[in-house]
Amino acid sequence: MATQPQPSLVPLTAQYLGRHARRLSRSLRVAADGTDVEAIHQVRVACRRLRAGFRMFKDILGKRRVRRWRRSIRPLAKKLGEARDLDVEIQATWERIARIDDVQLIPGVSYWLAHLERERARLQPKVRRAVRKFLQLGTLSDMRRWRRSVTAAADDTESTKDGDRHATQMASQISILHRRLQALQRASAALNDPADQDGHHVFRIKAKKLRYSLEAVLPVLGSLAEVAVEALKQIQEWAGEIHDYDVWSMRLGKAIKRIESGKRLRPRWLNPQRLLPGLTALEEYYRQTRTQVFDRLRNFCSQEKLQKLWRSLEQSQFLGDSCELEEAAAVPASDGGDGQRM
């Protein structure tokens, strides 16, 4: 059974879940059709936000309800995540082809694009099944009923924007934020080694979890938390690009080794040797770009102003209102890159 929730967080929970449940509902059927890649992205984002909200508001929602909702969303997020990853790589490959000046590289990159498109087409039936199974579970209707019940009971409570910000009123949420910030700081040690791909992946996950957790309760946090969210957005963008390049380079490397070992490709009339220059050049491009993005990320995370921001968050229990760090911790504008995602 859930503990007695503090009044200021009940409407916040209902508003947060309602916003992202509606976002999920709007995008699901379009995602199942496969006609709009943006719908896949919106479903994935909504799933991430909802899962973060389940964790942050577990004491309000109740453990059993959270467990049931999480189990229903997990397979949907997994299948659509696979589809979104391919969509991002396909877009990056299209953009790379448009910049190629050496015609000898075009056959290999074009072959790789066709391979990705085929894999994406094969995945779409699984996406449709995942959407259908999720809708059959009735999770969105269950969320809607819960929101209506608490909204009716909370009509006379204080506004979320004016909610009590004392740490004692948000002990559970503040504890989660502390643990996730500490986990991010521990994981940042991997940035000392440019070759530690597994460590960089863990760092990306920790940054993502902290960002989404902060955003779930941002209306009742202080301005330092807003600055932290902006910094985490930049960290997540660069770390996400790095992970993409790692995955793409690994897949390209396997394809290159397959060709070099003499194994036949499909269709069998393809000339493998004509494809090698483009595949090799694409892999090298991803490796070089990965190095550039990693340097940006490492330099950003090593800045003293960012470390000061983390310390200030901890000292203020994430509830501080000081704006003196906003200019110091301002996030530099990103110049983007292939495979950029939000």
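Structure above, values below:
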read-out	value
Residue pairs meeting the criteria (Cβ under 6 Å; at least 6 apart or on separate chains; first in contact (Cβ under 8 Å) with a residue 24 or more places away in the chain and under 15 Å from P277 (Cβ atoms), in segment 108-124; second part of a helix (DSSP H, G or I) and open to solvent by 20 Å² or more (accessible area, probe 1.4 Å))	G108/P277; V109/I97
Answer from R49, R71, R23, R29 - the residue that is open to solvent by 70 Å² or more (accessible area, probe 1.4 Å), assigned to a helix (DSSP H, G or I) and in contact (Cβ under 8 Å) with a residue 12 or more places away in the chain	R29
Residue check for L265: open to solvent by less than 80 Å² (accessible area, probe 1.4 Å), at pLDDT below 95 and not in a helix (DSSP H, G or I)	yes
Filter result (free of Cβ contacts under 8 Å to residues at least 24 places away in the same chain and basic (K, R)) within segment 252-310	K254, K257, R258, K263, R264, R266, R268, K308
Identity of the residue in segment 92-105, among the charged types (D, E, K, R) and assigned to a helix (DSSP H, G or I), that ends up surrounded by the most Cβ atoms within 10 Å (Cβ to Cβ)	R96
Among the residues listed as E82, E89, the single one being within 21 Å of the chain's Cα centre (by Cα), open to solvent by 40 Å² or more (accessible area, probe 1.4 Å), in contact (Cβ under 8 Å) with a residue 12 or more places away in the chain and closer than 15 Å to R251 by Cβ	E82
Criterion violated by W69 - all others in (1) over 23 Å from V229 (Cβ atoms); (2) at pLDDT below 95 satisfied	(2)
Qualifying residue in segment 40-59 (condition: in contact with an Asp or Glu (Cβ under 8 Å, 6 or more places away or on another chain) and among the β-branched types (V, I, T))	yes
Filter result for the condition that a residue is open to solvent by 10 Å² or more (accessible area, probe 1.4 Å) and more than 21 Å from A281 (Cα to Cα), over L123, L61	L123
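Residues checked against (1) open to solvent by 60 Å² or more (accessible area, probe 1.4 Å); (2) over 21 Å from P11 (Cα atoms); (3) assigned to a loop (DSSP other than H, G, I, E, B); (4) hydrophobic (A, V, I, L, M, F, W, C):
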site	(1), (2), (3), (4)
L184	no, yes, no, yes
A190	no, yes, no, yes
G199	no, yes, no, no
R204	no, yes, no, no
Y212	no, no, no, no
A225	no, no, no, yes
V229	no, yes, no, yes
L232	no, yes, no, yes
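The values are calculated or read from the model by the stated rules, or taken from the named source; none is laboratory data. Treat the numbers as computed from the prediction; the structure is a model and nothing was measured. A quick note on method: Cβ atoms are made from the backbone with ideal geometry, for glycine too, and the neighbour counts reach across all protein chains shown. Note: accessible area is taken over every heavy atom of the protein model, side chains too, but ligands, DNA and RNA are not part of it. Shrake-Rupley method; radii C 1.70, N 1.55, O 1.52, S 1.80 Å.
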